[in-house]
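**Q** Before anything else, here's the structure in question.
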Amino acid sequence: MLLSDLTVIVPTKDEAANIGPFLDSIDPAVGLVVVDASDDDTREIIRARRPSAVVIEDRGSIPIARQIGLEAATTEWVLFTDADMSFGADYWTGWQALDLGPRVGAVQGAKLSADDDYQLYYKLFSFGIRAMSWLTVPAGSGSNMLFRRTALLKAGGFDPALTANEDIYALWSVRKAGWRVTFAGVLKVYERDHRRLDQGRFKKTLHGWIRPLMLFTGLGGDRVRKSSWGYWKDEE
């Protein structure tokens, strides 16, 4: 795989404290699209440190931001992540070593801790993604998921009505559309912000596995779609 065939897409909101390490971990040959809703210096930092980045100002939800980035990108592959991540030192060489056939529509990567906090949790989380992949069930993270751009567009892209879990829902939509979804453990990102886990590991796990299942089966209807189950602190 070629680095020039890949664009990183990241939604941001007041990430001035995180964006530097994030930018430093991206190979210069990889494109970058930022969809930003910040009131701090996030955009200015990006433009100063990564002049080639496409920066789009939008104050919509994360699913809307991801969709805007998807439509703005022009490369064959797009990589969705978050600004509080850092890419592993071998991420980009790992991408180049992959041999993805024409029927692969998405690739799920691993997510680990950047420090001593929650290391076991993240290792088990990534193992769960790998195990589900063996069963041909997509179960990735929005912090590290790659799509063949045409596959995601044909599958409908991101659902703007969702308040959370739009990442797994998009993976499932691509799989349902007939594309293969694989796991590549060599593609590792490292989490530097553990706010969601600080709220409770059980709550985070329940949110990440049960809610997507309800979304995809229709169980709970619009009540599931309209509520993030408290995932966002500013939820009304």
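**Q** Does T93 qualify as being within 22 Å of D58 (Cα to Cα) and among the hydroxyl-bearing types (S, T, Y)?
**A** Working: within 22 Å of D58 (Cα to Cα): no; among the hydroxyl-bearing types (S, T, Y): yes.
Considered against the rule, which asks whether it is within 22 Å of D58 (Cα to Cα) and among the hydroxyl-bearing types (S, T, Y), T93 comes out as no.
**Q** Okay, moving on. Going residue by residue through region 80-87, is there one that turns out to be surrounded by 15 or more Cβ atoms within 10 Å (Cβ to Cβ) and over 16 Å from D193 (Cα atoms)?
**A** So far as region 80-87 goes, yes, one or more of its residues are surrounded by 15 or more Cβ atoms within 10 Å (Cβ to Cβ) and over 16 Å from D193 (Cα atoms).
**Q** Give just the number: which of (1) closer than 23 Å to K154 by Cα; (2) open to solvent by 10 Å² or more (accessible area, probe 1.4 Å) does I9 not satisfy?
**A** Among (1) closer than 23 Å to K154 by Cα; (2) open to solvent by 10 Å² or more (accessible area, probe 1.4 Å), the lone unmet condition for I9 is (2).
**Q** Kindly list, by first and then second residue, each pair from a residue in region 13-38 that is assigned to a loop (DSSP other than H, G, I, E, B) to a residue that is acidic (D, E) and open to solvent by 40 Å² or more (accessible area, probe 1.4 Å), limited to pairs with Cβ atoms under 7 Å and residues at least 6 apart or on different chains.
**A** D14/D39; D14/D40; A16/D40; A16/D41; A37/D58; S38/D14
**Q** Kindly indicate whether D90 is touching a residue at least 60 places away in the same chain (Cβ under 8 Å) and of a type in the set (D, E).
**A** Criteria met by D90.
**Q** Could I ask something else about it? Just checking, does region 147-157 include any residue being more than 26 Å from I64 (Cβ to Cβ), hydrophobic (A, V, I, L, M, F, W, C), open to solvent by 20 Å² or more (accessible area, probe 1.4 Å) and not in a loop (DSSP other than H, G, I, E, B)?
**A** Scanning region 147-157, I find no residue that is more than 26 Å from I64 (Cβ to Cβ), hydrophobic (A, V, I, L, M, F, W, C), open to solvent by 20 Å² or more (accessible area, probe 1.4 Å) and not in a loop (DSSP other than H, G, I, E, B), so the answer is no.
**Q** Can you tell me which of I64, I68 is under 22 Å from L171 (Cβ atoms), open to solvent by 50 Å² or more (accessible area, probe 1.4 Å) and β-branched (V, I, T)?
**A** Numbers: I68 fails: open to solvent by 50 Å² or more (accessible area, probe 1.4 Å).
It is I64.
**Q** I've got another one for you. Out of all the residues in region 173-201, which are aromatic (F, W, Y) and farther than 17 Å from I129 by Cα? Walk me through how you get there before you give the answer.
**A** Within region 173-201, the first condition is being aromatic (F, W, Y), and the residues that meet it are 179, 183, 190.
Scanning region 173-201 gives a single hit, W179.
**Q** Suppose we filter region 16-46 for residues that are under 24 Å from R149 (Cβ atoms), of a type in the set (D, E) and open to solvent by 10 Å² or more (accessible area, probe 1.4 Å); how many remain?
**A** Here the count works out to 1.
**Q** Right, next: Restricting to region 167-182, what's the tally of residues that are assigned to a helix (DSSP H, G or I) and open to solvent by 10 Å² or more (accessible area, probe 1.4 Å)? Quick ask: steps written out before the conclusion?
**A** Taking region 167-182 and keeping what is assigned to a helix (DSSP H, G or I), we get 167-176.
Next, from what is left, pick out any that are open to solvent by 10 Å² or more (accessible area, probe 1.4 Å): 167-169, 172-173, 175-176.
Of the residues in region 167-182, 7 are assigned to a helix (DSSP H, G or I) and open to solvent by 10 Å² or more (accessible area, probe 1.4 Å).
**Q** Residue check: is T93 among the polar types (S, T, N, Q), surrounded by fewer than 17 Cβ atoms within 10 Å (Cβ to Cβ) and under 24 Å from E166 (Cα atoms)?
**A** For T93, the condition - among the polar types (S, T, N, Q), surrounded by fewer than 17 Cβ atoms within 10 Å (Cβ to Cβ) and under 24 Å from E166 (Cα atoms) - is not met.
**Q** Please find, among G128, G140, G185, the residue that is modelled with pLDDT of 95 or more and either open to solvent by less than 70 Å² (accessible area, probe 1.4 Å) or farther than 16 Å from F80 by Cα (or both).
**A** G185
**Q** Taking into account only those residues within region 96-117 that are closer than 17 Å to L2 by Cα and touching a helix residue (DSSP H, G or I) at 6+ places or on another chain (Cβ under 7 Å), which is surrounded by the fewest Cβ atoms within 10 Å (Cβ to Cβ)?
**A** Per the criteria, the residue is Q96.
**Q** Is it true that T81 is under 25 Å from D39 (Cα atoms) and in contact with a Ser or Thr (Cβ under 7 Å, 6 or more places away or on another chain)?
**A** yes
The values are calculated or read from the model by the stated rules, or taken from the named source; none is laboratory data. Since this is a predicted model, take the numbers as computed values, not measurements. A quick note on method: Cβ atoms are made from the backbone with ideal geometry, for glycine too, and the neighbour counts reach across all protein chains shown. Accessible surface areas use protein heavy atoms only, side chains included; no ligands, DNA or RNA. Shrake-Rupley method; radii C 1.70, N 1.55, O 1.52, S 1.80 Å.
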